[in-house]
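Please read the structure below before turning to the comments.
Please treat every number below as a calculation from the coordinates, not as lab data. The shown structure was predicted, so the numbers you read here are calculated from the model rather than taken from an experiment. Note that we place each Cβ from the backbone using ideal geometry, even for glycine, and neighbour counts take in every protein chain shown.
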Amino acid sequence: MKKNISLTRYLVEQQRVDGLIPGQLRLLLEVVARACKRISFAVNKGELGDVMGTAGSENVQGEVQKKLDIIANETLIEANEWGGHLAAMASEEMEGIYVVPNRYPQGEYLLMFDPLDGSSNIDINMSIGTIFSVLKKPEGHPGVHDSDFMQPGTQQVAAGYCIYGPQTTLVLTVGDGVSMFTLDREQGSFVLIEENVKIPEDTKEFAINMSNMRHWDAPVKRYVDECLAGADGPRGKNFNMRWVAAMVADVHRILCRGGIFMYPWDKREPQKAGKLRLMYEANPMSWLVEQAGGMATNGRQRILDIQPTQLHERVSVVLGSKNEVERVTSYHLEADEKAL
Ligand code: AFP
């Protein structure tokens, strides 16, 4: 493996040697990484940098915005709007799409992001992250519209996240496996630490917010009950549980050592398909997980095949080690069949 090379060199090699990514996409990914580096420095300053606490505003989903949510959002927009790689952006923190102003050159890509995932962890010095997904703008019409973003996850041309934890690590796929790069603060660059990341097919670790148990659907309850029964139950083995309350951190653990992550539909807000957002949370994470040999469904269907109809669409999420995700999905399909 080409360990210790910088993200810049890795991307240049992906472009030049392997012909995997076009030059414009390489430059776009470099800019996203640079923005993540800036966000990482802001996160690191914490109380010393006037970045903690709430901003006194709400985002489009009615969630209270933290100062860092807004800082991260602005950092990503400012870094990306002038480079000529993008046509438009969409973010968890903005109601509509952000079209690149016409004083800048227009590019051919669309960038979607959750600028700061896991906001409730900010003030307690726990891991948080940025999630991003890149699509190509459909050709054949001038300008950019919401409908240009309505592409299933299978159409992503790059996806990743940056976790701000004990280390800042950027995890990326362009459809050729998953690579991880840790920020070397002395050099100021992301350095390759892992290539061809693989998620084990089996696991003894599950991640779900157990406080919602009474609101779950029967197939989810069945699966978790069986895990909790441990060696004495039908699974015949003991399970461990983890919940960081930041999808980035939970998915990062799964990419590092396997596991299953679930944020399923539940009865608290039955009209919503789930809590997590399809376009800039579930799709990029699902592609990373699939690229690492794992699986991602909404309990019934592959997430990457879902045709979005709204920018801030929500989705039920089950992802991680293949055999466990298959099991949870089969429990849903069995229940559906019985209900017919
Ligand atoms: P925020 O970034 O809006 O705080 O939400 C993070 C998140 O969407 C996801 O990263 C976590 O898995 C999930 O929320 C945790 O939610 P609960 O607090 O409901 O467990």
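Couple of notes before you dig in:
- Semi-axis lengths (Å, descending) of the ellipsoid that matches the C-alpha gyration tensor of the stretch 1-46: 25, 13, 5
- Listed residues Ile193, Ile303, Ile128, most fluctuating in the chain (Gaussian network, C-alpha, under 10 Å): Ile193
- Lysine pair count for the stretch 5-192 (Cα-Cα distance under 25 Å; residues 8 or more apart in sequence or on different chains): 6.
- Amide H contacts of Gly129 (H built 1.01 Å from N, under 5 Å, at least 5 apart or other chain): Asp117, Tyr164
- Pairs spanning more than 28 Å between alpha-carbon atoms, out of Lys221/Lys322; Lys221/Lys272; Lys198/Lys267: Lys198/Lys267.
- Length gained on full extension, Met126 to Ile5, computed as 0.36 nm times the residue gap minus the Cα-Cα distance: 40.7 nm.
- Cys residues of the chain counted as unpaired, since no other Cys beta-carbon is under 4.7 Å: Cys227, Cys256
- Sorting the segments 267-275, 166-174, 138-146, 77-85 by their residues' average number of neighbouring beta-carbon atoms within 10 angstrom, most packed first, yields 166-174, 77-85, 267-275, 138-146.
- Ranked by the mean number of other Cβ atoms within 10 Å per residue, highest first, peptides 201-210, 285-294 order as 285-294, 201-210.
- Extension gain, Glu337-Gln61: 0.36 nm per intervening residue step, less the Cα-Cα distance, totals 96.0 nm.
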